[in-house]
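Undergrad: I'd like to ask some things about the structure below.
Every read-out reported here was derived from the displayed coordinates using simple, explicitly stated rules and does not represent laboratory data. Computed from a predicted model, the values in this text were never measured in an experiment. Note that we place each Cβ from the backbone using ideal geometry, even for glycine, and neighbour counts take in every protein chain shown.
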Amino acid sequence: MMAGGYSLWLPVDVSKHGFEIDRLIYALHILMAVLFVGWGIVFAYCLVRFRQRPGHRADAVVIKAKASKYAEIGVAVFEAVLLLAFAVPVLARVKNQFPSEAESEVVRVVAEQFAWNGHYAGADGVFGRTDPKFIAPDNLIGLDPNDPHGTDDIITVNELHVPVNKPVIVRLSSKDVIHSFAVPALRVKQDVIPGMTIPIWFEAARLGEFDIQCAQLCGNNHFKMRGRIHIDTDAAFAEWKKSKAPGEAPKVSEEDFQL
Amino acid sequence: MSATAEVIPHTVEPHPVTGVYNGKFGMWLFLASEIMLFGALFSSYVLLRVGSAEWPHGYSVLNVPLATVNTMVLITSSVTVVMAWYCLQLNDFGKARLYLLATIGLALVFMVIKYIEYSSKFEHHHYPRTNLFYGLYFTLTGLHGLHVLGGILVFLYFVGPGAGMWKTDPHRYTNRVECAGLYWHFVDLVWIFLFPSIYLL
Amino acid sequence: MVNVKRVAVLCLAAVGVAVSGSDVLAGGPMGTATIKGKAMLSAAKPSMRAIDMGADKACAAMHSKPQYPQGKMVFPDGSIPYAFIYLKDGVTGKYDTPSTPVEIDQQGCMYRPHVFGMIAGQPLLIKNNDDTAHNIHALPKKNAQFNFSQPKKGLENKLEGSKTFTRPEVMVKIKCDVHPWMSAYAGVLSHPFFAVSGKGGEWEIKNVPAGKYTLAIWHEEWGTMEVPIEVADGATVEHTFTYSKAAAQRDVNVREVTVGSGPIARASNP
Amino acid sequence: MSFAHPDEARKHRNAYLKVFAALAVLTVVTVAVAEMKFLSMPMAIAVAMVVAGTKASLVAAYFMHLISERKAIYATLILCGVLFVALLLLPVVTQGEVDAWRRTHVP
Amino acid sequence: MSAATHGSHAGHDHGAAHGHDLPFWRKYVFSVDHKVIGVQYTITALVFLLFGFSLMMIMRYQLAYPGRPLPIVGSWLGPGLVNADRSLSPDGYNVFGAMHGTIMVFLAVVPLVVGGFGNYVVPLQIGAPDMAFPRLNAASYWSYLSGGLVMFASFFMKGGAAQSGWTSYAPLAVISPGQTVWLLGMVLLITSSLLGSVNFIVTIVQLRAPGLSFFRLPFFVWAQFVTAFLLLLAFPPLEAAAILQLMDRIAGTSFFMPTGLVVSGQILPTEALPHTGGGSPLLWQHLFWFLAHPEVYVLILPAMGIVAEVVANNTRKPLWGYRSMVYAIIFLGFMSFIVWAHHMFMTGMGTKLSLFFATTTMIISIPSVVVLTALILSLWGAAMRFNSQFLFALAFLPMFAIGGLTGLPLGLPASDIHLHDTYYVIGHFHYVVAPGTIFAIFAGVYHWYPKVTGRKMSELLGRVHFWPSLICMNVIFLPMLFQGLQGLSRRTYDPLVYDAGQAVQGWHFVSSWGAWILAIAQIPFIINFFWSAVAGKKVSDNPWDATTLEWAAPSPPPHGNFLKSVSVYRDPYVYSPPGRPSDFWPQNQPPED
């Protein structure tokens, strides 16, 4: 089934900065096609015309192929234009010019072997302190129990919700090995290096639900490390946050016990 | 008799254009690759040291006087190798052999001092895994120690079974000792940089 | 001799009561005494969050109501399940290794049973009854670790001989790398005198030969306790363990790791 | 390549002994400077590297006869030297990452 | 080609009466003759090529039919590699992926182009009796063979073979099994390459025949010369990194392990992983790619050399712009040392750094364009003879063009955001290596086979091998480019987990069948390779009417190569000189006659 809006060419682009990356990829592929066809024509022509026929001898005179010299210089100039005019500005904006934290949604994503743990600041807007000491099966990012800010934080596994038309800053860190946070639909990819927290930002332009992929080999279940990112309207996002907030301690009854 | 037979040209007398015989050119190329090897280790040392929050000063943790003695031992062995080659120039094989033996002796002293240093570290439970400083200390000085060991084996060959060549082809024997000497000076060179960067800074 | 064992296993499986290994097997000296009792918690009940099975839609679909971490379960009357009670020392006899495997079933993205006991060398049969990939990763300290995956439903791996746990080790943690909330604990002993507390925190060890023993209890959340006991032939000894405070014992060896302090982390090497 | 006559031989021998003495002195200097600990870290590094550099060039020039070598050897060494510098730039190149890594530690 | 053929010729080694008769094992097994070592390298590397190829075929089955039990091979593979129902397990997939990469790069292609062709042809082309250091040459082969056997044995060891990719990135490689044996194998292979490169440089500089100046050297020798410098100066940093990673794994140091790792729910250091932290995972990536980029140029430069030889010979025309090609590959060799970090755009580098490496990457694409254009323009005004080697050499040109061009979007950091670590990268480098270098290797085998055995390979089998191989190569790798544009990550065991994977699963099916048919298309080559050694048409010493020096020696050349001393009078490719009867003028022919 043609899931998630994938077609033969580039996948669906739902992020504000996506079209610049696509434009660069199109321009490059056009350059590549032109070069390949140009070479191909000369190549094919030579194959046909200069075959070994009786009475025909190769002429050893060296042709002054002015055309090829200009072609090479042309390629070099075109590449330089692509690099300086397109690639670098896009990269600078995507990697360096961050929106202010005040007007954007900040999310922490902690990658671990074979799951993406999402961490939202909860109602008080402050992230709870985390420490590896407190990591347990039901507290995967090690939220400090006696830190008041942490009690209302939302922890999700392989599931991120972000508001549409609002910049989102994701702080990526890893617990064990190198992963890579990749969302093809949002044209976002960033290696997650253990021991470092690397921030990235994007702004979604359309609603929808897309794959989070792990692009860097991280162990034998690397292929299973799939998350979903949901782009919701502000209302839906707030409602989801409320539903995910931790409630009061649940009552455990005898039937919950299974051998 | 095929004219060229299988004698490889320029193994002994230098090539007219490059002015170097094969062995020396090969040894210098090998030393270039060794420079890159130790260069990579040094740049890793710099990167890890700059990147870590705190790093102990070498002289507060390591035994600097003993290491200084070790440096002097290695420098002396470097001189004895040159003197050995110098005596071979004067066709005095007996003296050269003595200098080679002196070089081997000094190298063994170097290894013994290193053994003392390592064992004292192990007693205080400082292993490579204790922390990054000891990891780098043991790896760098250990690899350098292996190179010293390799040098000892080569010189033992020249003093032992290899000495026979002096009678058959003295010029080639001198060239071989010269190449071994180049390697030995390089090992000394690495220690000259290794000593201050780990022990003193 | 063989059919006796099989009958014992069948009747044990039928009874929902706490699993006890002692009447399963013979070999060493078997007695007639019984030790039973309860496992209680007097401290405050822990705060816990429901397990978020969002990681894998297949798992979430298998449960109608939220699941809670089994380690933090406390019944309304304060009794706690999943405690592992065993005779720590004082057992003299030599017991042979049963050939019937201990079955670990992965059902509803949870391990069944969560805590179990076995004899050193007894084969393990691990089954995947979920329509998703599981990855069984055992982290013993004395035994050999294993880590393999079962990507499809219906796959069964039988570990025997050198592949199963061959050396006694109380509580080997088994986790699934794909579903971080899944965990199981195996108590590997050299004798069959162990039990796991079930409903109402009740447990029972039967056929104990007379003698002096140390009775010990282990729980993944509340830690371990020991008590010396004396058992006579045919007698029944009652003992109730009560955990007073939240012991900080985790399966992770907790100590003061000043995190991120650079290369000389003052970690006291264990 | 044996020497023409003895006095040239003696000249070479003296050169080696002088270099040896220089090396010994420089070693003592390095250790002394380090012991005094009054230098700031960058200065200490600079001094140590300068002294080590001079010692190294002494060994290379006299013991390894680099001063009397031909261009084939120089070509190899210059090429290797340039790439050695490229390698040593590694830490500088990664300075960006190193800052990020020291500022933000564990998840 | 096999050692046996030498036996049949040694009996009546006309002229070389002096043939000091070594015992069999000294003459063929532990030989120091560069030709025997060249043949040993070629055959060992071809066996490893087949082994690496078969690993890939098993992986392709899992990608085409995810989860289905492997047909024949399933019962042979042990529990570490297959699931209980004989389908390939995720660990098995990662092991095969890592070992396919390692074997193809370090054990098959590089030893073939450098160890096999380089060892055999370079001394002959420069008119030398043998390599400068024959014993070092033998040591380099035996160190390579032992490294290969260590890698092969790692499959059967307790932890199994390495499973964290041929790049073995730091924290994963330090905690997953099988990597220690891989590192030991790597140190042996690196030693072999270092010894080999020293040997090549000294031979090319010191042992050239009289009159053979640097700019009269055949282009193949130039390619090997630059490749040897790349090997000499790029491999040691990887050896240093391998030593550091070996210490990490064995001695528990943490050069590449940052502080505060939590592996499988346990905070480091634990008994199994006693790392106290402080290291940097990026240090490994920098050291590894500092080698690996020159390494990929080591893969392509000799291939360019072989293609240039075959093109010049079969177009009966001198190479167009020989000097510009030589300056281009020297510049390429130098630049390859300062582009390494374009493999690491996504590791959180700042824009300043990305800009520097993107610029050097763009600059380094220019010399490749120069060489390719020069080779294509060499066809202009030619009189082409379409024998098997020329077909392969011609196919190399467009395939290498696609490989090189698809490198551009990966070289710009912005477009790399979408394409990094996807199937686009796999399509890119396989286009350069598979229809590129391996086609050049086939061209080399067909071209120099008569010199090695004195017999020609069959042209019919050559064509039966060429056309299906060319088609299959494109059937396999073109779909990968589209899969990459979709955003499908590489190294995914079961692509159906992702939406992108489901959308492009059809292409996996196509690629897999292309791979299996390619395997069948190699059978004619294998038959041709062994059958022609005994039953191929006997040929003269210079069957292709070539001008370079190796054709002045008898086929197969005796120990010591040339019967009478050789000297050089002109450029390497003087074809169809005006006013001369024959259409080629060998380098060693004195000018007077």
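Undergrad: Could you work out how far the C-alpha centroid of region C:195-209 sits from that of region A:74-102, in angstrom?
TA: 69 Å
Undergrad: Which value at 222 nm does chain E reach when only helices count, each DSSP H run of 4 or more adding -39,500 (n - 2.57), with the total divided by all residues and rounded to the nearest 500 deg cm²/dmol? Write down the numbers at each step before the final one.
TA: On the way: 20 runs with 339 residues, N = 593.
Value at 222 nm, helices only: -19000 deg cm²/dmol.
Undergrad: For every other residue with a beta carbon closer than 13 angstrom to the beta carbon of B:PHE110, add +1 if it is Lys or Arg and -1 if Asp or Glu, then tell me the sum.
TA: Details: positive: B:LYS114; negative: B:GLU117, B:ASP188.
So the environment of B:PHE110 carries a net charge of -1.
Undergrad: Next question. Give me the angle, in degrees from 0 to 90, between the Cα long axis of helix E:523-535 and the longest principal axis of the Cα atoms of chain E, rounded to the nearest 10.
TA: 30 degrees
Undergrad: Separate question: List the residue ranges in chain A for DSSP H helices whose C-alpha atoms run 20 angstrom or more along the long axis and whose Kyte-Doolittle average is 0.5 or above. All intermediate terms of the calculation are to be shown ahead of the outcome.
TA: Working: long enough: A:18-49 (46 Å, 1.50); A:66-81 (23 Å, 0.61).
Result, helices passing both filters: A:18-49, A:66-81.
Undergrad: OK, next. Between helix E:179-206 and chain E, what is the angle of the helix's C-alpha long axis to the longest principal axis, kept within 0 to 90° and rounded to the nearest 10?
TA: 30 degrees
Undergrad: Could you give the angle, 0 to 90 degrees to the nearest 10, between helix B:132-159's Cα long axis and the longest principal axis of the Cα atoms of chain B?
TA: So the inclination is approximately 20 degrees.
Undergrad: Mind telling me which of B:LEU146, B:LEU100, B:LEU136 comes out most flexible in a GNM of chain B, alpha-carbon contacts under 10 Å?
TA: Residue with maximal mean-square fluctuation among B:LEU146, B:LEU100, B:LEU136: B:LEU146.
Undergrad: Neighbouring Cβ atoms within 10 Å as the yardstick, rank E:GLU309, D:GLU69, A:GLU112, A:GLU103 fewest first.
TA: Values: E:GLU309 32, D:GLU69 17, A:GLU112 27, A:GLU103 8.
Fewest to most other Cβ atoms nearby, the residues stand as A:GLU103, D:GLU69, A:GLU112, E:GLU309.
Undergrad: Among the listed pairs A:LYS64/E:LYS537; A:LYS69/A:LYS189; C:LYS65/C:LYS127; A:LYS166/C:LYS173; A:LYS189/C:LYS152, give every one whose C-alpha distance is greater than 32 Å. Write down the numbers at each step before the final one.
TA: Values: A:LYS64/E:LYS537 41 Å; A:LYS69/A:LYS189 38 Å; C:LYS65/C:LYS127 24 Å; A:LYS166/C:LYS173 44 Å; A:LYS189/C:LYS152 30 Å.
Where the Cα-Cα span goes over 32 Å, the pairs concerned are A:LYS64/E:LYS537; A:LYS69/A:LYS189; A:LYS166/C:LYS173.
Undergrad: Sticking with this one: Taking a cut-off of 54 Å, what percent of all Cα-Cα pairs in the protein assembly as shown are separated by more than that?
TA: Details: 339342 of 1021735 pairs.
For the protein assembly as shown, the share of Cα pairs beyond 54 Å comes to 33 percent.
Undergrad: Sorting E:MET335, E:MET104, C:MET53 on the 10 Å Cβ count, fewest up front, what's the list? Write down the numbers at each step before the final one.
TA: Values: E:MET335 19, E:MET104 25, C:MET53 22.
Taking fewest neighbouring Cβ atoms as first place, the list is E:MET335, C:MET53, E:MET104.
Undergrad: Can you run phi through the Karplus equation (6.51, -1.76, 1.60; θ = phi - 60°) for region D:55-69 and list ³J(HN,Hα) in whole Hz, with x for Gly and Pro?
TA: Rounded to whole hertz, the list is 4, 5, 5, 4, 4, 5, 5, 8, 5, 8, 6, 5, 5, 9, 8.
Undergrad: Taking springs between alpha-carbon atoms closer than 10 angstrom, which of A:ALA80, A:ALA123, A:ALA238 fluctuates most in the Gaussian network model of chain A?
TA: Comparing A:ALA80, A:ALA123, A:ALA238 in a Gaussian network model of chain A, the most mobile one is A:ALA80.
Undergrad: Among E:LEU149, E:PHE562, D:TYR16, whose Cα lies farthest out toward the positive end of the dipole of the protein assembly as shown, if unit charges sit on the beta carbon of Lys, Arg (+1) and Asp, Glu (-1)?
TA: Comparing the listed Cα positions along the dipole, E:PHE562 ranks first.
Undergrad: On to the next question. How high is the relative contact order of chain A, in percent, counting Cα pairs under 8 Å that sit 6 or more residues apart? Walk me through the intermediate numbers first.
TA: On the way: 404 pairs, mean separation 51.7, N = 259.
Rounded, it is 20 percent for chain A.
Undergrad: Lys and Arg at +1, Asp and Glu at -1: add these up for the other residues within a Cβ distance under 12 Å of A:VAL12 and post the number. Kindly include the intermediate steps, with their values, before the conclusion.
TA: Details: positive: A:ARG187, A:ARG206; negative: A:ASP13, A:ASP22, A:GLU209, A:ASP211, E:ASP499.
Here the charged neighbours net out to -3.
Undergrad: So, one more: Could you quote the convex hull projected area for chain A, Cα atoms only and averaged over all directions, in nm²? Provide the component values of the computation, followed by the final result.
TA: Working: hull surface 92.6 nm².
So the mean shadow area of the Cα hull is 23.1 nm².
Undergrad: Now, a different point. Which residue, A:ILE212, A:ILE169, A:ILE30, tops the fluctuation ranking in a GNM of chain A built on C-alpha contacts under 10 Å?
TA: Taking springs between Cα atoms under 10 Å, the residue moving most is A:ILE30.
Undergrad: Name the long-range amide H neighbours of C:VAL115: under 5 Å, sequence gap of 5 or more, or other chain; modelled H, no Pro or chain starts.
TA: The list, which skips near neighbours in sequence, is C:TYR185.
Undergrad: Neighbouring Cβ atoms within 10 Å as the yardstick, rank E:LEU412, A:LEU35, B:LEU200 fewest first. List each step's numbers first, then the result.
TA: On the way: E:LEU412 29, A:LEU35 20, B:LEU200 24.
Ordered by Cβ neighbours within 10 Å, fewest first: A:LEU35, B:LEU200, E:LEU412.
Undergrad: Separate question: For region E:357-406 and region E:88-117, write down the distance between their C-alpha centroids in whole Å.
TA: 26 Å
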